[in-house]
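Report on one structure; see the data block that follows.
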There are 2 protein chains.
Amino acid sequence: MDSAVETDGSGEYVPWSEVTPDAARRLLIAAVDAFAERGYHATTTRDIAQRAGMSPAALYIHYKTKEELLHRISRVGHLKALELLSTAADGPGTAADRLDAAVRSFVRWHAAHHTTARVVQYELDALGPEHRTEIVALRRRSDAAVRRILADGVAAGEFDVPDLPGTTLAVLSLCIDVARWFSLTGNRTPDEVGTLYADLVLRMVGAPAARDQK
Amino acid sequence: MDSAVETDGSGEYVPWSEVTPDAARRLLIAAVDAFAERGYHATTTRDIAQRAGMSPAALYIHYKTKEELLHRISRVGHLKALELLSTAADGPGTAADRLDAAVRSFVRWHAAHHTTARVVQYELDALGPEHRTEIVALRRRSDAAVRRILADGVAAGEFDVPDLPGTTLAVLSLCIDVARWFSLTGNRTPDEVGTLYADLVLRMVGAPAARDQK
């Protein structure tokens, strides 16, 4: 598992470019790989430094604790998720168009960055209380972006959604679990999974576009 | 997290009753809790023995390695999943009735036994090659049970499923991810999640029952 060579849905190279300097970025990528492979609790800062080809002392210049590395990874991942979902929610078109865009981009990210996404999604309990509160707030904003699209679709008569919070949860859950099963050696690309899932989600909300495809 | 007090959807007490003798069962329950809390790789057999109130020597009477404990947990979990899905697939009624039953029972299990289910779903990579092959074969049989229901529904003109393997994967994925987000302190019971998800999945396959609810 090498998150350094993960790409986005379009094949674009996305090497945690928002993290600088280079040494801090290399350490973050090493931490993602170590956490994904052995779990947060089985990984030491020494393991992470070694994977990055650096000394433990060099690591401490950039990150004071292992939890700080996890928080940084979690924050980057959650900010990206919120950006993708907010962009779709605020975008042009009908509620169906916006839901389609949200699901496609969110699925593509979880498929292309499945190693990072697993760490982001499965190690939440290891965050310290303050960091956890911050991340939970970001998750609530992501949930709200999707719920807003569904509510708009219901108000416009486009969607039929008897349980708005439950359906919001299910849509996000379906997309997030792509990180668990997606494999670069499998027979579907991130784009193909995005297309399939956008159709399935439009069906879940009873969008006419999905029904008319029959 | 105490898997010893997990219950099934009906509130029935399910203490790994198929595992005997009592000491072996206590060790298995302790292993589930330890793996769920700290991850497989961060857990030692000493940790597990201690949680079960036993000595490491007593543990070795029942399990030779930590991997044997994980394999036993994974096998019990996967056999249960296969049993639930096969029972639904072989059951009476229309394809929609059988899909409804499959989703309800699978979701209820992942909600009620979310601690066990997380270990079963997230620690597959830690199994030895032989055990992994065995578990992958069980997973294929579970997939096949769901795919059979979808194919029957398409053949009977009940369902509209353009991508049969992809939709099978998505249905199982949606249900499995319940283990990640479900919390006993949340505001939905395993039964309520099962009801919501059965409706959403019937919509995904274009079942008339779901469409007619509009």
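Read-outs: derived from the displayed coordinates by stated rules, not from any lab. Just so it is clear, the model here is predicted, and its values are computed rather than measured. Ideal geometry is used to build each Cβ from the backbone, glycine not excepted, and the neighbour counts take in all protein chains shown.
Details
- Of A:ARG140, B:ARG203, the sequence from fewest to most neighbouring Cβ atoms within 10 angstrom is A:ARG140, B:ARG203.
- Springs between Cα atoms under 10 Å define the GNM used for chain B, and in it the highest mean-square fluctuation of B:THR185, B:THR195, B:THR168 occurs at B:THR185.
- For the protein assembly as shown, a crude dipole built from +1 on the beta carbon of Lys and Arg and -1 on the beta carbon of Asp and Glu, taken about the Cα centre, is about 760 debye to the nearest 20.
- Each of B:LEU28, A:LEU200, B:VAL107 was placed along the dipole of the protein assembly as shown (beta-carbon charges, centred on the mean Cα), and the one lying farthest toward the positive end is B:LEU28.
- In percent, rounded to a whole number, the relative contact order of chain A is 24, using alpha-carbon pairs under 8 Å and six or more apart.
- Exposure proxy ranking, count of Cβ atoms within 10 Å, fewest first, for A:LEU200, A:LEU82: A:LEU82, A:LEU200
- For the stretch B:62-138 and the stretch B:16-30, distance of Cα centres in Å: 18 Å
- For B:ASN187, the distances from its label point to the matching points in the remaining copies are 4.3 nm, ordered from shortest, with each point set 7 Å beyond Cα toward Cβ.
- Anisotropy class assigned to the protein assembly as shown is oblate, per the alpha carbon gyration tensor with a/c at or over the 1.5 cut-off and a/b no larger than b/c.
- Residue among A:ALA88, A:ALA58, A:ALA102 with the largest mean-square fluctuation in a Gaussian network model of chain A, springs linking Cα atoms under 10 Å: A:ALA58
- Here the dipole of chain B is about 420 debye; that uses its Cα centre as origin and unit charges on the Cβ of Lys and Arg (positive) and Asp and Glu (negative).
- Across the identical copies, how the A:PRO162 labels are spaced - nm, sorted shortest first, 7 Å along Cα→Cβ: 2.7
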